Amino acid sequence: MIEIILIDRLKSAIKFLYKEDISENLIQIQKTRSEFDGDITVVVFPFLKLSRKSPEQTADEIGKYLIENIDVVESYNIIKGFLNIVIKQKFWLKFFEDNHNNESYGKHNSSSVSPVVIEYSSPNTNKPLHLGHIRNNLLGWSVSEIILNGGKEVKKVNLINDRGIHICKSMLAWMKWGEGSSPESTNLKGDKFVGEYYVLFDKKNKEQIAELVANGMDNDEAAKKTDLLNEAKDLLIRWENEDSEVRELWNKMNGWVYDGFDITYDRMGIDFHKVYHESETYILGKKLVNDGVINGVLFKKDDGSVWCNLTDEGLDEKLVLRADGTSVYMTQDLGTAQLRFDEFKPSEFIYVVGNEQNYHFDVLKLILKKLGKSWAEHIYHLSYGMVELPEGKMKSREGTVVDADDLMDEMYNTAKSTSEELGKFNDFSDQEAHELYSMLSLGALKYFILKVDPKKTMTFNPKESIDFNGNTGPFIQYTHARIKSILRKASENNIGSNSKLDYNTALETKETSLIKLLYEYPSVTIQASENMSPALVANYAYELAKEFNQFYHDISILKESDEGKRDFRISLSAFVARTLKSAMALLGIQVPERM
RNA sequence: GGACUCGUAGCAUAACGGAUAGUGCACCUGACUACGGAUCAGGAGGUUGCAGGUUCGAAUCCUGCCGGGUUCACCA
């Protein structure tokens, strides 16, 4: 790594020139911006206190030192306080020679002993998956791959919220009005089928509330006192008491939902090493809560509810167990965390959960610490922003929730019609065409979502998301297909294998900039891993594809008459294609051979 | 109201405290009788919400204000 050498030599330069030891954080190097001449730029302002000279003079002295002490430094120039260093072409060519055939370029060797456990998806079983879940799933999956690529062992886990009052509501509605129907009998996807009963409960419950209000009850009070809600609560108690009738129905309905979820996960390309169910973890949570009460960390109120006092931490009191003894969200999350620690002894626990739950995770960590769990500090909440529509937030009440399956269907149809309009592969079989359309539509969707910084609230514009031009997944997929087309032609004509590098031929500007971009790839993946940000990989892939398209446009590859140059360009193109494929794979996006 | 968070061209977005704030969409003008035009080149479009402060240097850090969002449930 040239950067490491440079930092080291900069230290000795300062020592030599100004007789001072300098701490590494004062050394600022960055990629030279494209409008200036050079490859790497050193910011010299931080050194002025030591040199007691002008920025230009300081930069000049350091530049001279670097030329003498680093053999790959070709020259330098100074603009204001910026020392722009030009690296010799032979350095780039050597890099190219060493790496262009490396199948695992950009992958980092495994180094960790204990795994990173990353939880994502975490659906409730009362509703089908929607756009918000899509961001969660894509992020969780991609971050897992990126961390894995960075050299750590990763365990992807899903925690299905399969118990609780909301499930009881769907169950109750089905018992009352389902008339024994099933996904099979209605020809509905299982999660959609169950979701309808949840909605039905809500509708009927609202009617009851209205009735109570009409009879003079206060609205808030009425919302808590409907017969339906009481019946649902009763079901929950029976469930926690393991009433066999209730459990049987619960199993049946959840089974339907899982069948539905599996179809959606499979289509999205999302998978897990392990799936937890809250129904299996909440009891451990209750046990932890009871231990906490015994230890005096938690306290019980007169009505039997259990609380954690966080006023010393500037927060409020937090309920951890209901008065009727049933558990809440926090209860089971305590249990799940413990279970995960026991099972994996993770170096990090990552929870991919929306930022609306920031408070929940602050509290979760605090309570675990109070309970004496030192590993609580390894919990990291990967808090991502909400997905909004151009009209604003998705509202189930207004029917603006974007369903995951519907969205994928819509994208698929767009990919299909766009491809058919362009009509470039009439020789594809139906199966091949189908695979291509899914690849392109998922590529568009995934890229659209992952290119945005996870922390930020994003706007999902359905119209723009299915645009295949510009900064999009299909643009990158197209670039890959284009390169593959060249490589096919090259191999048909038996050319390209003879890529002996001539170090004395000057490279074209576009060739050098491509090599430099390729050189950055490994550090981009590390940065993405540290920041848990697929967006960095997405933006890199776009830049690389764009750079290649410019190169492709400006310079002949197969038509180049100089065989050495021609073969070098073929190899360079192959290197780009492989890197694009690798970067896109980290995002869960496949790239086609033809499109 | 308290806590947290976000305001960058019409829209969507990028920028370890560094240079003239990048990019895409939309809009206008062009491109090799094509190694794949799902491409490429050019144009227009910005007081980075406002006002102070810290710094050699601020979209970025601090303070205040304005505006949006989330959260403060015996929901998850």
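Read-outs: derived from the displayed coordinates by stated rules, not from any lab. Note that the structure is predicted; figures quoted are calculated from it, not measured. All Cβ positions, glycine included, derive from the backbone under ideal geometry; neighbour counts span all protein chains shown.
Which residue, A:A545, A:L580, A:L517, has the largest displacement toward the positive end of the dipole of region A:404-586 when charges sit on each Cβ (Lys, Arg +1; Asp, Glu -1)? So the residue we want is A:L517. Between A:I79 and A:N84, the built amide H atoms are under 5 Å apart, and every one of these is 5 or more places off in sequence or on another chain. Remark: region A:126-135, residue by residue, has Karplus-estimated 3J(HN,Hα) of 9, 9, x, 6, 10, 3, x, 5, 4, 4 Hz, where x stands for each Gly or Pro and the curve is 6.51 cos²θ - 1.76 cosθ + 1.60 at θ = phi - 60°.
Kirkwood hydrodynamic radius computed over region A:2-87 comes to 12.5 Å, based on all pairs of distinct alpha carbons. A crude spin-label estimate for the pair A:E421 and A:E508, with each label 7 Å from Cα along the Cβ direction, gives 3.1 nm.
Dipole size of chain A about its Cα centre, with +1 on Lys/Arg Cβ and -1 on Asp/Glu Cβ: approximately 1340 debye, rounded to the nearest 20. Here region A:404-586 is described by how far its Cα atoms reach on the three principal axes: 55, 44, 23 Å, from widest to narrowest.
So for chain A: antiparallel DSSP bridges make up what percent, rounded to the nearest 5? Approximately 50 percent, going by the DSSP bridge assignments.
In the structure displayed, which of A:K127/A:K393; A:K233/A:K369; A:K127/A:K463; A:K451/A:K484 lie more than 22 Å apart, Cα to Cα? Over 22 Å Cα-Cα: A:K233/A:K369; A:K127/A:K463; A:K451/A:K484.
Of all lysines in the structure, the ones whose alpha carbon falls short of 16 Å from that of A:K155, not counting any fewer than 8 places away in one chain, are A:K274, A:K345. In loop segments of region A:40-138 as defined by DSSP, the trypsin sites (Lys or Arg not before Pro) with at most 14 further C-beta atoms inside 10 Å of their C-beta are A:R52, A:K80.
Any idea what the relative contact order of region A:528-594 is, in percent, if you count C-alpha pairs under 8 Å spaced at least 6 apart? Relative contact order, region A:528-594: 39 percent. Charging the Cβ of each Asp and Glu at -1 and of each Lys and Arg at +1, and nothing else, the dipole of region A:2-87 about its Cα centre rounds to 400 debye. A straight Cα-to-Cα reach below 24 Å connects A:K489 with the lysines A:K424, A:K500, A:K510, A:K546, A:K559, A:K565, A:K581, residues fewer than 8 places away in its own chain not being considered. Amide H contacts of A:E74 (H built 1.01 Å from N, in plane; Pro and chain starts excluded): A:V86, A:I87, A:K88 sit under 5 Å, all sequence-distant by 5 or more or on other chains. Annotation: amide H-H contacts under 5 Å for A:L321 (H modelled 1.01 Å from N, sequence separation of 5 or more, or interchain): A:V306. Each residue of region A:62-75 was assigned a 3J(HN,Hα) from its phi angle through the Karplus curve 6.51 cos²θ - 1.76 cosθ + 1.60 (θ = phi - 60°); the sequence is 5, x, 4, 4, 5, 4, 6, 10, 10, 6, 8, 7, 8, 6 Hz, with glycine and proline shown as x. According to the calculation over all Cα-Cα pairs in chain A, the P(r) per 10 Å bin from zero is 3, 13, 20, 22, 17, 12, 8, 4, 1, 0 %. The chymotrypsin sites (Phe, Trp or Tyr not before Pro) of region A:20-90 that meet both conditions, a loop assignment by DSSP and at most 16 other Cβ atoms within 10 Å of the site Cβ, are A:F36. Of the GluC sites (Glu not before Pro) in region A:1-107, the ones in a loop by DSSP (not H, G, I, E or B) with at most 13 other beta carbons within 10 Å are A:E20, A:E35, A:E103.
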